[in-house]
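Q: Mind having a look at this structure? Questions to follow.
No value in this document is a laboratory result; all are computed from the given coordinates. This is a predicted model, so every value here is computed, not measured. Because the Cβ atoms are built from the backbone with ideal geometry, glycine has one as well, and the counts that use them run over all protein chains shown.
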Amino acid sequence: MLLLMQHLLHSRDLSKVQIEALLERAEHYLPVVQERRKVNDAEGKVLATLFYEPSTRTRFSFETAMLRLGGDVISNAHMQYTSSIKKGETIRDTGTVISHMADIMVMRHPLEGSVDELASASIVPVINAGDGPADHPTQGLLDIFTIKQELGQLEEFTIAMVGDLRYGRVVHAQCAILNHFKRLRFVMVSPEELRMPKEYVDLLKEDGHQVIETEDLEAAAQADVISDTRIQEERFDSHKEYMKYKGVYIITPEFMSKCKKDAILIHPLPRVDEIELAVDEDSRAKYFKQVEYGVAMRMGIIAELLGL
Ligand code: NCD
């Protein structure tokens, strides 16, 4: 199907048709990931990963995805220290140059909007792997893929988003994507100062979803999906400010005992202290299983953007 996707820059730009097509593509590639195989769909193509911020999963996930698609990878995990930006090059010029080498680019950058600048000068597709606190569309898509696989459908469920909803780009992406589905209930659990930005709450309400905002973690126990996130230390003005919120919500086995038997707990990782290690044994904890869903989703995204 022709989805007319030139780049994948912002979750809010995705249509329901595009989201559903990407879910289908991810499902197609999931066995390749689970059986640790390789296909040759992207043979001869090169993916470049340009990371200006720390990453473990996202960069390796994209690189694994490209390798399992049969393509090749060029990568710089430390663009902020070792690329020509140290010599004063603009992101625009970096974009132009790398797009003359690679067939597709993935960028993570601390500044909102930087990925648009890169894409504006690129002659190949660009994927946003996180732009500051704003958005992280591929993580949002892999989370929605996880929910679909684990719940079997994407309508009429309750999702509790817990933690730093202000600076957490992952929950922003989840809102923008889930907004397209029907009759969802959102329970937003955060400290008052770290509430979900109003634009997302308004967007969900306008589209007929129910949104409850609370500081009380107990409200998350009724949910079908608990989407937990870390307090985003790097986005605070000072360490002192961060310390006010560190450890504010901790998911424990005791909390899980109050949740639904068939609920799922998702988290993009890394975790700091917000999920106790003992919770890993709980079959409702899906955060490690999400890693495979993530590679499959990124295979789907790359394949789509390359028109494979
Ligand atoms: C997230 C990110 O970078 O926004 N991690 C990820 O991509 N897996 C979440 C986070 O860092 O808290």
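Q: If the elastic network links every pair of Cα atoms under 10 Å, which of 295, 17, 73 fluctuates the most in the Gaussian network model of the chain?
A: Ranking 295, 17, 73 by mean-square fluctuation puts 17 first.
Q: To continue, here is another question. Per 5 Å bin from zero, what fraction in whole % of the C-alpha pairs of the stretch 42-182 is there, up to the bin with the longest pair?
A: 2, 9, 17, 21, 18, 14, 10, 5, 2, 1, 0
Q: While we're on this one: Counting Lys +1, Arg +1, Asp -1, Glu -1, what net charge surrounds residue 243 among other residues with beta carbon under 15 Å of its beta carbon?
A: -3
Q: How would the stretch 12-108 be classified by its alpha-carbon gyration tensor: rounded, prolate or oblate, with rounded meaning a/c under 1.5 and the a/b versus b/c comparison settling the rest? Can you show the working numbers first?
A: Details: a/c = 2.05, a/b = 1.67, b/c = 1.23.
Prolate is the answer for the stretch 12-108, as a/c is 1.5 or above and a/b outweighs b/c.
Q: What is the dipole size for the chain, taken about its Cα centre, with +1 at each Lys and Arg Cβ and -1 at each Asp and Glu Cβ, in debye to the nearest 20?
A: Details: 36 positive and 49 negative charges, 108 e Å.
The dipole of the chain has a size of about 520 debye.
Q: Straight-line reach only, C-alpha to C-alpha below 18 angstrom: list the aspartates and glutamates that residue 45 could link to, leaving out same-chain residues fewer than 8 apart.
A: By straight Cα distance, residue 45 reaches 63, 72, 103, 304.
Q: Here's another thing I want to ask about it. Applying a 10 Å radius around every beta-carbon, put 49-59, 163-173, 74-84, 123-133 in order of their mean neighbour count, most first. Each step should come with its number before you reach the end.
A: Values: 49-59: 19.5, 163-173: 25.3, 74-84: 14.4, 123-133: 22.3.
Order by mean packing, descending: 163-173, 123-133, 49-59, 74-84.
Q: Collect residues whose amide H, placed 1.01 Å from N in the peptide plane, falls under 5 Å from the amide H of residue 211; neighbours closer than 5 in sequence don't count.
A: Placed amide hydrogens put 186 under 5 Å from residue 211.
Q: Let me ask another. Using 20 Å as the Cα-Cα cut-off, could you pick out the over-long pairs in 198/286; 16/205; 148/286; 148/182; 198/261?
A: Values: 198/286 29 Å; 16/205 17 Å; 148/286 12 Å; 148/182 13 Å; 198/261 32 Å.
Too far apart for the 20 Å limit: 198/286; 198/261.
Q: Counting Lys and Arg as +1 and Asp and Glu as -1, what is the net charge of the other residues whose Cβ lies under 9 Å from the Cβ of residue 308?
A: It works out to a net charge of -1.
Q: Kyte-Doolittle cut-off -1.0, length cut-off 20 Å along the helix's own axis using Cα: show which whole DSSP H helices in the chain pass.
A: Numbers: long enough: 16-34 (27 Å, 0.01); 137-151 (21 Å, 0.13); 289-306 (26 Å, 0.63).
Flagged H segments are 16-34, 137-151, 289-306.
Q: May I ask which residue of 208, 121, 225 lies farthest towards the positive end of the charge dipole of the chain, with charges of +1 (Lys, Arg) and -1 (Asp, Glu) on Cβ and the Cα centre as origin?
A: Selected residue: 121.
Q: Right, here's the next one. Is the chain best put as rounded, prolate or oblate by its Cα gyration tensor, with a ≥ b ≥ c the root eigenvalues, rounded for a/c under 1.5, and otherwise prolate when a/b is larger than b/c, oblate when not?
A: Working: a/c = 1.70, a/b = 1.38, b/c = 1.24.
Verdict is prolate for the chain.
Q: Given the rule -39500 (n - 2.57) for each run of at least 4 DSSP H residues, summed and divided by the residues of the chain, what is its mean residue ellipticity at 222 nm, to the nearest 500 deg cm²/dmol? It would help to have the intermediate numbers written out before the result.
A: Values: 11 runs with 112 residues, N = 308.
Roughly -10500 deg cm²/dmol at 222 nm, from the helical runs in the chain.
Q: First check a/c for the stretch 188-308, with a ≥ b ≥ c the square roots of the eigenvalues of its C-alpha gyration tensor; if it is under 1.5, answer rounded, and if not, answer prolate when a/b is larger than b/c or oblate otherwise. Intermediate results must be reported in sequence, preceding the final value.
A: On the way: a/c = 1.35, a/b = 1.19, b/c = 1.13.
In terms of gyration-tensor shape, rounded.
Q: Compute the signed sum of charges (Lys and Arg +1, Asp and Glu -1) over the other residues within less than 15 Å, Cβ to Cβ, of residue 117.
A: Values: positive: 92, 108; negative: 89, 93, 112, 116, 131, 135.
Neighbour charge sum, excluding residue 117 itself: -4.
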